[in-house]
Each structure stands twice: as structure tokens, then as C-alpha cells.
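S.K.: The structure that follows is given in the form of C-alpha cells.
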Amino acid sequence: MVVLRVKKRTGKLVPVDVGAGDALKEVIPLAKLRFCRLSRKDGTACDLEKSVEENGLRDGDTVTSEGEAIFPHLHFRRPDGKEFRVEGENLLHRKISSIKEVEVAPRTKGDPGSMSLFIGCIELDEDKTLFDYNVEYGESLTVKVQGEA
């Protein structure tokens with residue numbers, strides 16, 4: 001087995017286990033991508049039809065992806081524990097404040113001014129975008145309301 005690190009558009013590195021004889025195209029769904037090109041650190045394109053070994057890639061190498069995520073949506077966990085998902089092509093590039101007002105508040109029936117969004121334990125800044133935090137489609141965000149644990 002060979003572990004390749006796939007560097008996604010957001011900068012996130014995703015380790016993928018593949019066989020040295022496996023076609024490089026098998027890396028794409030394992031990295032949660034739908035369509036993409038893969039390139040080496042020096043920027044040269046990899047041949048997706050050739051094997052990992054034929055592409056000259058070794059254990060621990062990093063390839064860069066240019067493509068789309070499999071999941072065109074994000075998951076949100078409400079304060080009551082229920083989840084909902086939001087789809088949208090430009091979702092990652094919208095400000096957190098816009099996502100709270102347009103997407104989250106109507107689904108939680110809460111005041112956007114009293115809620116915060118978190119990825120893990122990191123509170124997201126209103127003036128930043130999800131892309132600023134390297135959030136990718138398919139991930140889960142938590143909604144917390146002031147005064148609640």
C-alpha cells in the first residue's frame with residue numbers, strides 16, 4: 001500500500017491509501033472528489049489512467065487536486081441536536097453572517113444575532129467565509145445560541 005496526500009483546493013491534505021499498481025483515477029473518490037485533475041508538486045499533470053507507480057509517485061508523496069467535491073452541501077447541527085443540510089454552489093464563498101441569516105435562522109427559528117457557527121471547537125467569524133476556514137462540502141457545522149451550552 002502507498003499513502004498519497006491529496007491537497008485539495010482549500011489547502012486541506014487528505015491521506016489516501018492505494019496500491020502502487022492501482023490506477024491513479026482511483027484516488028479521486030477516496031479523496032471525496034468528483035471530477036479533478038491531479039498534479040505533482042512541480043505542477044506537472046499526472047496521467048489518471050496510469051498506475052501510481054507509473055506516475056512516479058511514492059509513499060508519502062503529495063498530489064494537488066483541481067476539481068469538485070462529491071457533496072454539494074454542508075450539514076448543520078441545531079442546538080436541539082437535529083441536523084439539516086444546506087446546498088449551494090457558492091456556499092463556501094459567502095460570509096458567515098449571510099449563511100446565518102439566509103440559511104440557518106429560518107431552519108432554527110432563531111435570531112441570527114444570538115447564534116454562532118462552529119467547526120469543531122472553532123467559532124466562525126461573521127466577516128469571514130467558510131473557504132477562509134478550509135471548510136469543504138460534506139462537513140458538519142454546529143449552531144450554538146447565546147445562553148445555551
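S.K.: Is it true that some residue in segment 96-110 is within 30 Å of Ala23 (Cα to Cα) and either without any contact (Cβ under 8 Å) to a residue 24 or more places away in the chain or exposed (fewer than 14 other Cβ atoms within 10 Å of the Cβ) (or both)?
M.R.: Going residue by residue through segment 96-110, those that are within 30 Å of Ala23 (Cα to Cα) are none.
Looking through segment 96-110, none of the residues is within 30 Å of Ala23 (Cα to Cα) and either without any contact (Cβ under 8 Å) to a residue 24 or more places away in the chain or exposed (fewer than 14 other Cβ atoms within 10 Å of the Cβ) (or both).
S.K.: Follow-up. Among the listed residues Arg85, Arg78, Arg107, Arg94, which satisfies the condition of being among the charged types (D, E, K, R) and either in the same structural domain as Arg9 (by TED's automatic domain parsing) or touching a helix residue (DSSP H, G or I) at 6+ places or on another chain (Cβ under 6 Å) (or both)?
M.R.: Working: Arg85 fails: either in the same structural domain as Arg9 (by TED's automatic domain parsing) or touching a helix residue (DSSP H, G or I) at 6+ places or on another chain (Cβ under 6 Å) (or both); Arg107 fails: either in the same structural domain as Arg9 (by TED's automatic domain parsing) or touching a helix residue (DSSP H, G or I) at 6+ places or on another chain (Cβ under 6 Å) (or both); Arg94 fails: either in the same structural domain as Arg9 (by TED's automatic domain parsing) or touching a helix residue (DSSP H, G or I) at 6+ places or on another chain (Cβ under 6 Å) (or both).
Testing whether each residue is among the charged types (D, E, K, R) and either in the same structural domain as Arg9 (by TED's automatic domain parsing) or touching a helix residue (DSSP H, G or I) at 6+ places or on another chain (Cβ under 6 Å) (or both) leaves just Arg78.
S.K.: Also, I was wondering about something else. Return the residues of segment 88-117 that are assigned to a strand (DSSP E or B) and either under 19 Å from Gln146 (Cβ atoms) or touching a Leu at 6+ places or on another chain (Cβ under 8 Å) (or both); say none if nothing qualifies.
M.R.: Step one: filter segment 88-117 for residues assigned to a strand (DSSP E or B), giving 95, 115-117.
Within segment 88-117, Met115, Ser116, Leu117 qualify.
S.K.: Within segment 116-141, can you find the residues that are crowded, with 19+ Cβ neighbours inside 10 Å, at pLDDT 85 or above and either over 17 Å from His73 (Cα atoms) or in contact with a strand residue (DSSP E or B) (Cβ under 6 Å, 6 or more places away or on another chain) (or both)?
M.R.: Answer for segment 116-141, where residues must be crowded, with 19+ Cβ neighbours inside 10 Å, at pLDDT 85 or above and either over 17 Å from His73 (Cα atoms) or in contact with a strand residue (DSSP E or B) (Cβ under 6 Å, 6 or more places away or on another chain) (or both): Leu117, Leu124, Leu141.
S.K.: Sort out which residues of segment 25-41 are aliphatic (A, V, I, L, M) and touching a Ser or Thr at 6+ places or on another chain (Cβ under 7 Å), and write them in order of number.
M.R.: Taking segment 25-41 as the starting set, the residues that turn out to be aliphatic (A, V, I, L, M) are 27-28, 30-31, 33, 38.
Once the filter is applied, which keeps residues that are aliphatic (A, V, I, L, M) and touching a Ser or Thr at 6+ places or on another chain (Cβ under 7 Å), segment 25-41 yields Ala31, Leu33, Leu38.
The values are calculated or read from the model by the stated rules, or taken from the named source; none is laboratory data. What you are looking at is a predicted structure, and each value in this text was computed from that prediction instead of being measured. Neighbour counts are summed over all protein chains in view; Cβ atoms, including those assigned to glycine, are modelled from backbone coordinates with ideal geometry.
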